Amino acid sequence: MRYLYTLVMYLVTPLIMLRLLKRGVRYGDYHKRWRERFGFFQGPRVRESLWVHAVSVGEVNAAEPLIKALRGRYPDAPLVVTTVTPTGSERVRQLFGDSVFHVYLPYDLPFAVTRFLRHVRPRMAIIVETEIWPNLYLSCRRRGIPLMIANARLSERSLRGYRPMGSLVRRALRCVRLIAAQSRTDAERYRLLGADPDKLVVAGNMKFDMPVPYDAERHGQELRLQWGQLRPAWVAGSTHEVEELQVLEAHLEVLKRLPDALLLIAPRHPERFKLVESAARSLGLSVGTRSVDQVPSTGHQVFVIDAMGELMPFYAAADLAFVGGSLVPIGGHNVLEPAALSTPVLVGPHTFNFQEITLTLIQEGGAARVSSVEELGSEVVRLLGDRAALDRMGDAARTVFDSERGAVKRVMGMIGDLLQE
């Protein structure tokens, strides 16, 4: 099965190259750094490095407290961080600058994986959340590199997707020394996929340990002054194609009841920034943007946050947050960011990426679920008109966030044990 998998990987390599060229039209980084995808890169040749892999922005954010803890406990160990996406790469640069060595993870081709591992020579590999690459995992075992999956999660859809390669995935998972799952549900799914039950531990979700920017609330208050303290405002974070138009349609309904309401919208992907701005203008809405206007004014009905890594202050400034990727079947994004700032949360029907966290927030009263764009508009109107309900939801959301912290400390203990072994 592994030979067949590797053969397929080689056969699709020309298609991969075409994809790189296409993506390079949007992201210059793809053109400049395509060689990294095959294990060719410049940088310091290190030994005994600690290697953390986080596929994209969400995983980098989840890994932030862990990476900072690793830097604090092992200051002499070179720290290597890999991502797959340019937005993930940019987030690594924003958070850590030159204090870590960043490179794209190579494709799961034997020669590329071998070249990568020879260059960074990891003392330990830590994969964040869900990335199962058979050739990479088997190469780590052969080289005696302890491999850990931290903050491990596995959705029902991912479980079904891996099952056609059942024997190969099972063999790859048997190369993992420890799987620190976010929840009992995630641990059970990994067991069903073939992980050794003796190597499965429920450690909690590291995203609860994410650092809340010390000035986020102050910055949020400053933003609020720009558009009016009493003006109702809601934010739609990490939105996707199709969903963005739904959010704008919902805001049109909100404006019928609350004419001075402000929508702050942050598309998940940078290539969507201009498209969302144009869509809002085409609907007759007065639009401002972060890149041009910096902050919303009293005249803006919609404000597009066309910048990466700047959502938290807007979550702090808003009365209510809708977390995207949930009206469309993406699976939802991080509901903990607004919860950490005591901002009430709305989500759509599709939240399988953060299933247990979302359910906990809903059960404890910190979040509510809407099933359609019509319901989104009516729920935003209802909550923006009920300050007492907003305060109760915000307090409940923050209580859930605070009560679930501690996963990074548990994961760091496990890392220490593996390194001693």
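Laid out as a table, the results:
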| quantity | calculated |
| --- | --- |
| List TRP34, TRP234, ordered by accessible area with a 1.4 Å probe, largest first | TRP34, TRP234 |
| Rounded accessible area of MET17 (nearest 10 Å², 1.4 Å probe) | 60 |
| With every protein chain in place, the chain: carbon and sulfur % of accessible area (1.4 Å) | 52 |
| Per-residue ³J(HN,Hα) for the range 102-108, Karplus 6.51 cos²θ - 1.76 cosθ + 1.60, θ = phi - 60°, Hz, x for Gly and Pro | 9, 8, 6, 5, x, 5, 7 |
| Crossing angle, helix 407-420 versus the chain [Cα axis fit, 0-90 degrees, rounded to tens] | 10 |
| Distance in nm between pseudo-label sites at LEU230 and VAL295 (7 Å out along the Cβ direction from Cα) | 2.0 |
| Semi-axis lengths (Å, descending) of the ellipsoid that matches the C-alpha gyration tensor of the chain | 38, 23, 20 |
| Extension gain, TYR214 back to MET1 (0.36 nm per residue minus Cα-Cα distance, nm) | 71.7 nm |
| Compactness index (Cα Rg / 2.2 N^0.38 Å), the range 341-421 | 1.45 |
| Residue-level accessible surface for LEU275, protein heavy atoms, 1.4 Å, Å² | 90 |
| Amide H within-cut-off set for ILE127, under 5 Å, with H built and near neighbours excluded | HIS53, MET148, ILE149, ALA150 |
| The chain: angle of helix 110-120 to the longest principal axis, Cα-based, in degrees nearest 10 | 80 |
| Accessible area of the chain divided out per residue, in Å², using a probe of 1.4 angstrom | 43 |
| Per-selection Kirkwood Rh - the range 211-261 (Cα, Å, 1 d.p.) | 12.9 |
| Point-to-point label distance, ARG142-SER282, nm (Cα→Cβ direction, 7 Å offset) | 5.2 |
| Coordinate range along principal axes, alpha carbons of the range 77-193, Å, largest first | 40, 29, 23 |
| GNM flexibility winner over the chain from PRO211, PRO14, PRO122 (Cα, springs under 10 Å) | PRO14 |
| Lysine pairs with alpha-carbon atoms under 28 Å apart, the chain, spacing 8 or more or separate chains | 10 |
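The values are calculated or read from the model by the stated rules, or taken from the named source; none is laboratory data. Every value quoted in this text rests on a predicted model; they were computed, and no experiment measured them. Neighbour counts run over all protein chains shown; Cβ positions are idealised from the backbone, glycine included. Accessible surface is based on the protein model in full, side chains and every heavy atom, while ligands, DNA and RNA are left aside. Shrake-Rupley method; radii C 1.70, N 1.55, O 1.52, S 1.80 Å.
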